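Computed from the coordinates by the stated procedures, all read-outs in this text should not be read as laboratory data. The structure presented is a predicted model; accordingly, all values stated were derived computationally and were not measured. Here the Cβ positions follow ideal geometry from the backbone for every residue, glycine too, while neighbour counts run over all protein chains shown.
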2 protein chains.
Amino acid sequence: MQTVLVIDDDSALRDTIGLMLEKEGFRPALAADGKSGLKQALTLKPDLILVDLKMPGLNGMEVCKQVRAAEMKTPLIVLSAIGDEFDKVLLLEIGADDYVVKPFGTRELLARIRALLRRSSSEETRVVAFGEVEVDLTRRVVLKKGEDLKLTRAEYNLLTYFLQNPDRPLTRDMILNSVWGYESFPNTRTVDAHVVRLRQKLEADSNAPRHFLTVHGVGYRFLP
Amino acid sequence: MQTVLVIDDDSALRDTIGLMLEKEGFRPALAADGKSGLKQALTLKPDLILVDLKMPGLNGMEVCKQVRAAEMKTPLIVLSAIGDEFDKVLLLEIGADDYVVKPFGTRELLARIRALLRRSSSEETRVVAFGEVEVDLTRRVVLKKGEDLKLTRAEYNLLTYFLQNPDRPLTRDMILNSVWGYESFPNTRTVDAHVVRLRQKLEADSNAPRHFLTVHGVGYRFLP
DNA sequence: GAATTTGTAAAATTCTTGTAAACAACCTCA
DNA sequence: TGAGGTTGTTTACAAGAATTTTACAAATTC
């Protein structure tokens with residue numbers, strides 16, 4: 001079942017949408033303001049986000065920006081009132097995928113939601129799996145045996161780098177350059193520390209790794 | 001981190017794409033016209049090039065042609081406006097890898113970029129074989145009768161040196177200089193020790209080597 | 001057959017890696 | 001702001017692996 005997060009300060013509208021979603025087979029999650037909405041977006045990792053443009057505190061634009069800043073690619077629809085001043089282009093530029101102008105029919109909204117979900121899931125199935133681990137690159141979620149696993153930013157970045165370069169030896173320097181970038185110059189041993197943690201979190205038996213292998217004298221090799 | 005060069009005279013679009021790339025973990029490089037773009041393409045050696053078809057001066061087609069004339073295999077995507085007259089076939093013939101028609105969503109562009117990078121990074125598998133041994137230079141894997149063989153760093157380096165210099169006598173000093181480098185000065189007998197191990201691991205009968213031959217008084221010769 | 005060179009196992013040494021723990025930087029929430 | 005938590009980085013050291021050296025037997029050359 002797909003989760004849709006609704007962030008809107010108008011409680012009546014929020015509930016209406018929530019009910020509609022439920023009836024249509026989605027799992028709705030509701031948030032009354034931008035701040036708590038953002039938090040839920042990051043922790044809950046919904047499949048789609050609906051966010052009102054105009055809200056006290058964190059508005060829709062801000063929420064959208066911050067979601068994208070967290071490298072989440074969750075499809076996001078902005079709800080805007082008819083009188084709202086807003087720049088469609090800017091909206092899309094900061095990472096919103098679509099917008100709907102109030103008042104809208106539930107039918108229309110639903111169609112948009114479905115279309116967006118379809119689009120963003122078919123564009124690229126961005127889920128890769130190895131061993132007992134699944135990685136959803138779009139939602140930035142990592143599951144082990146179906147259970148949500150918390151990876152830190154560095155761990156996740158390292159993981160995706162491994163995923164992009166399977167089955168070939170990667171030197172610590174390659175890894176540092178690609179994952180950490182040229183700006184920071186951490187010790188090459190830093191890589192080891194993170195590999196250890198990836199093993200502890202992702203390998204069935206971290207003492208006998210089957211996916212994150214060391215190539216003695218060279219670096220590491222990821223085997224899906 | 002991968003560098004993407006964006007060549008477009010429309011500064012707004014250029015910047016939008018640049019920002020998007022940055023957010024998605026690429027290092028963007030921007031050029032406002034074909035001439036400077038071409039220059040950057042040649043000096044910067046980006047991982048991918050996005051070039052607008054219609055530009056004053058050097059247009060996208062010209063840029064593409066010249067990049068290919070320089071024997072660069074950098075993946076290249078052409079951006080074209082919806083009304084632009086252009087011949088898709090010709091475009092691909094002169095070496096473009098893909099094209100996207102404006103207006104396009106950042107998601108779509110991104111998907112194309114990723115797909116293309118993935119496609120072109122799959123490098124030709126460089127495999128050499130001799131006797132019952134196969135060496136995969138990209139994966140750094142050595143197979144004997146199809147079975148994975150574990151070589152240490154020194155052994156592997158020595159092996160690749162032999163592979164690069166088949167059928168000619170190599171003195172121990174040449175080998176030391178090329179494989180060990182000028183920094184370390186091990187005893188020349190070290191070479192012998194490693195040749196022994198290569199024979200043991202790679203020869204069908206290490207007592208009657210057929211590939212790693214000794215040239216008495218000189219050194220060794222590799223015969224594929 | 002003497003002198004030299006090579007093969008080879010095993011010892012000695014040096015390097016690399018795994019890992020925990022210390023430390024630093026950075027959020028976040030009151 | 002500042003206490004407390006989280007994440008990232010460095011360090012230290014043990015364990016293990018690889019490399020180099022050594023010693024002596026075997027082979028080769030003249």
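Below are the figures for this structure:
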quantity: Likely footprinting exposure, A:43, B:138, fewest C-beta neighbours within 10 Å first; calculated: A:43, B:138
quantity: For the stretch B:193-210, 3J(HN,Hα) per residue [Karplus equation, 6.51 cos²θ - 1.76 cosθ + 1.60, θ = phi - 60°, Hz, x = Gly/Pro]; calculated: 4, 6, 4, 3, 5, 4, 4, 4, 7, 10, 7, 5, 10, 6, 7, 10, x, 10
quantity: Computed over the stretch B:24-83, Cα set: Rg, Dmax in Å; calculated: 11.0, 32
quantity: Cα centroid separation, the stretch B:1-73 to the stretch B:168-224 (Å); calculated: 48 Å
quantity: Lys/Arg +1, Asp/Glu -1 at C-beta; the protein assembly as shown dipole; positive extreme among B:218, A:169, A:198; calculated: B:218
quantity: For residue A:215, residues with placed amide H under 5 Å, excluding near neighbours; calculated: A:220, A:221
quantity: Test item: Cα-centred dipole of chain B, Lys/Arg +1 and Asp/Glu -1 on Cβ, debye; calculated: 860 debye
quantity: Relative contact order (%) - chain B, alpha-carbon pairs under 8 angstrom, separation at least six; calculated: 12 percent
quantity: DSSP-loop trypsin sites (Lys or Arg not before Pro) across the stretch B:105-204, with at most 13 other Cβ within 10 angstrom; calculated: B:126, B:145, B:150
quantity: Evaluated at q = 0.14 Å⁻¹: base-10 log I(q)/I(0), Debye formula over Cα of the protein assembly as shown; calculated: -1.32
quantity: Long-range amide H partners of residue B:206 with built H, under 5 Å; calculated: none
quantity: Debye intensity ratio in log₁₀ form over the Cα atoms of the stretch B:120-218, taken at each q of 0.19, 0.23 Å⁻¹; calculated: -0.98, -1.35
quantity: Range of Cα positions in chain B per principal axis (Å), largest first; calculated: 73, 36, 32
quantity: Greater than 23 Å apart at Cα, pairs in A:39/B:23; A:39/A:150; B:45/B:102; A:23/A:150; calculated: B:45/B:102; A:23/A:150
quantity: Long-range amide H partners of residue A:99 with built H, under 5 Å; calculated: A:78
quantity: Karplus (6.51, -1.76, 1.60) ³J(HN,Hα), θ = phi - 60°, over the stretch B:132-137, in Hz, Gly and Pro reported as x; calculated: 9, 10, 10, 10, 9, 5
quantity: Residues of type aspartates and glutamates that residue A:73 reaches as a straight line, Cα spacing below 14 Å, ignoring anything fewer than 8 places off in the same chain; calculated: A:47, A:93, A:97, A:98, A:123, A:124, A:136, B:24, B:108
quantity: Average partner coverage of A:161-169, which counts Cβ from other chains inside 10 Å; calculated: 3
